[in-house]
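The values are calculated or read from the model by the stated rules, or taken from the named source; none is laboratory data. As the structure is a prediction and not an experimental result, all values here were calculated from the model. Note that each Cβ is placed from the backbone with ideal geometry, even for glycine, and that neighbours are counted across all protein chains shown.
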Amino acid sequence: MPKKTGNIPITSSTACKIFLCHYNHITDRSLLKEYQQLLNDEEIVRYQQMRSDSASQQFLVSRVLLRTVLAQEMNCRPEKIVFDVTSTGKPFIKQPVMNPIRFNLSHSFGKIVLAVSPQHPIGIDIEYLHRKNDLYKLAERYFHAREYEQLNLAKKSQKRQLFFSIWTLKEAFIKATGYGLAQSLNSFFFEFFPSGKLNLQSSMEELTDITAHYWSYRGISDYPMACLMFTPHSQQQPPECYEFFPLKNNDLQQLSLHPSHCGHSSLRPTFENQ
């Protein structure tokens with residue numbers, strides 16, 4: 001059962017946190033109107049251009065979740081935060097200036113997750129397990145040969161879960177690097193072990209003398225999730241996970257969510273890109 005913890009905890013110098021929000025559970029119209037007051041002019045235009053109620057609510061709640069959590073971290077008002085994007089499209093905080101906090105968002109079928117790190121690059125991804133996809137066609141196109149082999153060897157009953165466990169990790173990786181899909185998905189691969197250990201290998205020369213910490217989750221029913229963070233340290237505690245509804249008393253529910261697989265790798269080019 002989730003444990004109530006009160007207001008948003010301030011991130012420590014090394015901790016990272018994950019905030020989960022079930023945006024399709026927010027039906028209070030007065031609360032949704034309050035959310036709209038926190039959007040800037042550009043966000044209001046994007047919100048009004050959404051083609052469906054589900055898409056507009058997902059956008060609205062994700063922006064407010066991001067603003068309220070970061071405002072607490074930076075001790076400022078949510079509407080005062082200004083965002084920008086890098087040349088590769090990765091969002092960052094432009095105002096207040098010189099702020100080291102890193103963040104990443106993901107959403108899927110009613111769920112939003114926000115990962116926050118005090119200073120290190122971070123990526124997160126969540127997917128709906130039962131979405132209709134041709135798993136093998138996607139795996140053949142996007143997975144490294146070692147990942148595709150793992151999928152082939154898995155029991156039939158485990159293939160879908162394994163596919164999305166790999167997929168979310170790969171998404172978290174490219175989001176943490178900031179390169180996105182401009183980065184070859186064959187430039188790295190993950191290996192799962194029965195013990196719960198994960199291994200990552202990369203051929204990216206840009207990622208040297210840095211440690212990647214990664215966690216794969218299966219504890220959110222029907223929603224595989226993965227988080228990855230780059231740090232200069234070899235030791236890193238797993239993220240603290242919370243359930244959160246923005247501006248609804250700002251109360252948190254701490255989740256007893258533990259990774260099914262995890263690992264860390266000191267990155268250096270270990271194979272030739274295939």
Residue hits (the range 253-274; at pLDDT 90 or above and surrounded by fewer than 15 Cβ atoms within 10 Å (Cβ to Cβ)) are SER256, HIS258
Among residues of the range 112-158 being surrounded by fewer than 21 Cβ atoms within 10 Å (Cβ to Cβ) and touching a Cys at 6+ places or on another chain (Cβ under 8 Å), the residue farthest from VAL69 (Cα to Cα) is HIS120
Using the structure shown, decide if ALA172 is loosely packed, with under 15 Cβ neighbours inside 10 Å and touching a residue at least 40 places away in the same chain (Cβ under 8 Å). no
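Of the residues ALA115, ALA71, which is among the small types (Gly, Ala, Ser), in contact with a Pro (Cβ under 6 Å, 6 or more places away or on another chain) and within 26 Å of ILE44 (Cβ to Cβ)?
Numbers: ALA115 fails: in contact with a Pro (Cβ under 6 Å, 6 or more places away or on another chain).
Only one candidate passes the filter, namely ALA71.
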Residue hits (the range 131-182; of a type in the set (Asp, Glu) and in contact with a helix residue (DSSP H, G or I) (Cβ under 8 Å, 6 or more places away or on another chain)) are GLU140, GLU147
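Using the structure shown, decide if SER87 is more than 20 Å from PHE230 (Cβ to Cβ), surrounded by fewer than 22 Cβ atoms within 10 Å (Cβ to Cβ) and of a type in the set (Gly, Ala, Ser). Show your work before the answer.
On the way: more than 20 Å from PHE230 (Cβ to Cβ): no; surrounded by fewer than 22 Cβ atoms within 10 Å (Cβ to Cβ): yes; of a type in the set (Gly, Ala, Ser): yes.
Here the answer is no, as SER87 does not meet what is asked.
Does the range 175-209 hold any residues that are closer than 19 Å to VAL116 by Cα, among the small types (Gly, Ala, Ser) and buried (at least 17 other Cβ atoms within 10 Å of the Cβ), and which are they?
ALA176, GLY178
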Return the residue satisfying two criteria in turn: it lies in the range 49-76 and is exposed (fewer than 11 other Cβ atoms within 10 Å of the Cβ) and farther than 21 Å from HIS22 by Cα, and of such residues it is modelled with the lowest pLDDT. ASN75
Go through the residues of the range 210-227 one by one and say whether even a single one is farther than 25 Å from LEU153 by Cβ, buried (at least 21 other Cβ atoms within 10 Å of the Cβ) and touching a residue at least 12 places away in the same chain (Cβ under 8 Å). yes
Could you check the range 84-114 and list, in sequence order, the residues that are without any contact (Cβ under 8 Å) to a residue 24 or more places away in the chain and either in contact with a Leu (Cβ under 8 Å, 6 or more places away or on another chain) or of a type outside the set (A, V, I, L, M, F, W, C) (or both)? ASP84, SER87, PRO91, ILE93, LYS94, GLN95, PRO96, PRO100, ARG102
Among the residues of the range 81-109, which ones are within 29 Å of ILE220 (Cβ to Cβ), assigned to a loop (DSSP other than H, G, I, E, B) and aliphatic (A, V, I, L, M)? ILE81, ILE101
